[in-house]
1. Restricting to the stretch 139-155, name every residue that is surrounded by 14 or more Cβ atoms within 10 Å (Cβ to Cβ) and more than 12 Å from Thr36 (Cα to Cα).
2. Going through the stretch 1-40 one residue at a time, which ones are of a type in the set (Ser, Thr, Tyr) and more than 21 Å from Val102 (Cα to Cα)?
3. So for the stretch 129-142 (the condition being among the acidic types (Asp, Glu), assigned to a helix (DSSP H, G or I) and within 21 Å of the chain's Cα centre (by Cα)), does at least one residue qualify?
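Nothing in this text is a laboratory measurement; each read-out follows from the coordinates by a stated rule. Just so it is clear, the structure is predicted and the values come from calculations on it, not from any experiment. Heads up, the Cβs are rebuilt from the backbone with ideal geometry, glycines too, and the neighbour counts pull from every protein chain shown.
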Amino acid sequence: MSTMIILHVPDDKELLAAFGEMALCHEHLNYILRMTIRTLAHLTPQEALDATVNEGSGQLRDRIRKLARQQLGEGQPLLKLQALIKRCQRVTEKRNELVHCVWAKELDGEAQLRIADHTSHPLPTRQELSDLSNEIRGLTNALNQARLEGFLSEALAERKNK
């Protein structure tokens, strides 16, 4: 027998604010993924943004992997970038599990997440959302630092000078 659910938006303004912060942090990550494509393809910011309009996180990561292999060749910089991109994929998957599900309540039950595999999970806590935001923010900063003045910038400069 199926259970009747009611679509649910929590009343907890702090939870909703934490959810919004997580969503904004993830869009910042997507922007830096676009700027990483810019760096690897030697584009202007506008060219990179235009070339990647309407591309999702997975498409951006795939393009970075392809360009990185072409621009960096095998070696430590490529492996470091691949590891960083893999961590970006993991936080996106966590984010997607929260964003692309149904927030619902059973008639006389607790609020829950109904995810794609038809299972129910408790709503995230404010702290869990804050932790995810911080993890996304940390990866965004690490990737941006790598492309501007870190290992990616150095590796591209070395290859240019060869």
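1. Matches in the stretch 139-155: Leu139, Gly150, Phe151, Ala155.
2. Tyr31, Thr36, Thr39
3. Yes, the stretch 129-142 contains a residue that is among the acidic types (Asp, Glu), assigned to a helix (DSSP H, G or I) and within 21 Å of the chain's Cα centre (by Cα).
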